[in-house]
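Participant: There's a structure below that I have some questions on.
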Amino acid sequence: MLNGCGVLLPYKFGPRVFFLKPQIHRHLKFNSINKMSASASSSSTSPPAKRQKSSSSSSSSSTAAPVILFSSSRWVNAVPVEVWREHICKNFMNLQQLSIMRRCHTFFEKYWQNMMRQNVMRVPQGCPTVEKAMELAVIFSERKVYTETDPLKIQLDQGVHEIVGYTDKHGYHCKRVNVTCSHITFVGKGKNQTTVRGGFRVDNQQNVKFEDLILTNPNEFGDGLRLHGSETNVDVLKCIVKQCGDIGMYVEDGATVTATQCEFMENGADGVLCVGENTKTRLNDCKIHNNRRDGLNAACDAVVDLRGTKTDIHSNEDHGILADDCGKVNIHLPSQHNTSHDNDGEDRLQENNGSIANINADGTFTHVVVDDDDDN
């Protein structure tokens with residue numbers, strides 16, 4: 001199984017010598033197997049034990065470490081199963097490789113099943129990229145039913161994760177990952193520690209979550225999050241969506257989205273754009289600022305609810321809040337709350353039967369009254 005892998009280095013395990021990959025050789029050299037080797041070496045200097053009867057031999061073997069037959073080569077089989085599991089599989093096989101190896105031997109199949117039970121894929125430890133993790137997530141979802149209370153998690157380690165993307169049918173390069181299964185969570189180490197250079201698109205998938213991430217998609221017309229379809233249900237928690245070529249978060253065609261303690265900033269167009277009948281977006285304690293167009297735009301019958309006293313929409317190059325073409329923005333804060341301010345355009349603008357209203361604690365509402373600009 002290790003043949004054809006380049007240069008192999010000798011490694012002594014008891015009275016035997018194994019030839020291993022250099023990286024495995026280095027790892028095992030400084031781990032607990034050295035102790036096992038040393039123990040085996042010391043015992044080899046003792047006088048050879050007398051041959052026992054078959055009954056006592058079977059009794060003593062029952063307490064020995066399990067032996068797995070991996071190969072017709074005896075030296076491969078002599079490597080203890082703990083070494084395979086803890087030092088080789090865990091450190092030198094990612095999930096994609098393991099998914100192939102599981103077809104070769106029951107040990108790898110059991111190891112694979114154990115990984116599936118954990119409901120966690122780690123990037124880059126288990127999968128080298130976010131895109132590979134998404135591919136495996138589809139395979140996992142075909143073999144196991146995930147739910148809202150028991151989702152599959154893709155954990156992204158700290159650092160920058162680059163999305164390669166793909167070219168669509170129009171010849172445009174999309175630097176994003178298409179989320180193609182439900183009940184899945186993408187979680188980082190913190191919004192100041194884990195960055196994804198690229199975007200995500202969700203089409204008609206349920207219970208999709210993004211947590212503790214920085215999302216930035218610098219491609220021209222690149223969105224951070226594109227959330228589409230009447231069956232789409234997405235939660236975004238403690239994320240920063242910034243410096244995207246186009247829109248920070250685009251919610252459309254009946255999708256339902258909740259963003260909590262998020263920041264949408266410095267994007268090439270709107271910070272948050274919500275479009276379409278039955279599109280519902282709730283923004284809790286979110287900040288939207290320094291975007292090149294509107295901070296928040298609700299259009300074409302979309303409904304947006306703003307909640308939380310930390311809500312802050314400011315310093316956008318066009319309007320702070322725009323309600324256009326029957327779009328509605330409900331602000332669940334006192335009318336004196338400085339929700340939108342210091343934008344280059346209007347802080348609140350209603351057009352074409354759009355509506356912006358403060359919802360009072362008793363359920364009544366106060367519509368925003370905007371004076372006409374004499375200069376227009």
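The values are calculated or read from the model by the stated rules, or taken from the named source; none is laboratory data. The shown structure was predicted, so the numbers you read here are calculated from the model rather than taken from an experiment. Methodologically, a virtual Cβ is constructed for each residue, glycine included, from the backbone with ideal geometry; neighbour enumeration extends over all protein chains shown.
Participant: Which residues, taken from the range 137-150, are surrounded by fewer than 17 Cβ atoms within 10 Å (Cβ to Cβ) and closer than 13 Å to Gln205 by Cα?
Facilitator: Val138, Ser141, Thr147, Glu148
Participant: Are any of the residues in the range 158-167 acidic (Asp, Glu) and over 18 Å from Thr129 (Cα atoms)?
Facilitator: Within the range 158-167, none of the residues are acidic (Asp, Glu) and over 18 Å from Thr129 (Cα atoms).
Participant: So, in the range 207-231, exactly how many residues are assigned to a strand (DSSP E or B) and not charged (D, E, K, R)?
Facilitator: Final tally of qualifying residues: 8.
Participant: Of the conditions (1) in a loop (DSSP other than H, G, I, E, B); (2) at pLDDT 95 or above; (3) in contact with a Leu (Cβ under 8 Å, 6 or more places away or on another chain), Val370 clears all except one; give me its number.
Facilitator: (2)
Participant: Next question. With the requirement that a residue be β-branched (Val, Ile, Thr), assigned to a strand (DSSP E or B) and more than 16 Å from Asn352 (Cβ to Cβ), what does the range 258-303 give you?
Facilitator: Across the range 258-303, the qualifying residues are Thr258, Thr260, Val272, Thr281, Ile288.
Participant: Taking only the range 270-320 into account, find how many residues are among the acidic types (Asp, Glu), over 25 Å from the mean Cα position of the chain (by Cα) and either modelled with pLDDT under 95 or surrounded by fewer than 19 Cβ atoms within 10 Å (Cβ to Cβ) (or both).
Facilitator: 5
Participant: Here are some residues: Leu306, Leu322. Which one is farther than 17 Å from Lys280 by Cβ and either aliphatic (A, V, I, L, M) or assigned to a strand (DSSP E or B) (or both)?
Facilitator: Of the residues listed, the single one that is farther than 17 Å from Lys280 by Cβ and either aliphatic (A, V, I, L, M) or assigned to a strand (DSSP E or B) (or both) is Leu322.
Participant: Still on this structure, please answer the following. Only one of these conditions is not met by Phe210: (1) touching a Cys at 6+ places or on another chain (Cβ under 9 Å); (2) of a type in the set (Phe, Trp, Tyr); (3) modelled with pLDDT under 95. Which number is it?
Facilitator: Every condition holds for Phe210 apart from (3).
Participant: Now, a different point. Quickly run through the range 141-178 and pick out the residues that are over 12 Å from the mean Cα position of the chain (by Cα), of a type in the set (Asp, Glu) and part of a loop (DSSP other than H, G, I, E, B).
Facilitator: Glu148, Asp150, Asp168
Participant: Would you check which residues across the range 179-206 are over 12 Å from the mean Cα position of the chain (by Cα), assigned to a loop (DSSP other than H, G, I, E, B) and among the charged types (D, E, K, R) and list them?
Facilitator: Lys191
Participant: Right, here's the next one. Any residue in the range 184-193 that is more than 24 Å from Glu263 (Cβ to Cβ) and among the hydroxyl-bearing types (Ser, Thr, Tyr)?
Facilitator: Looking for residues that are more than 24 Å from Glu263 (Cβ to Cβ) and among the hydroxyl-bearing types (Ser, Thr, Tyr), one finds none in the range 184-193, hence no.
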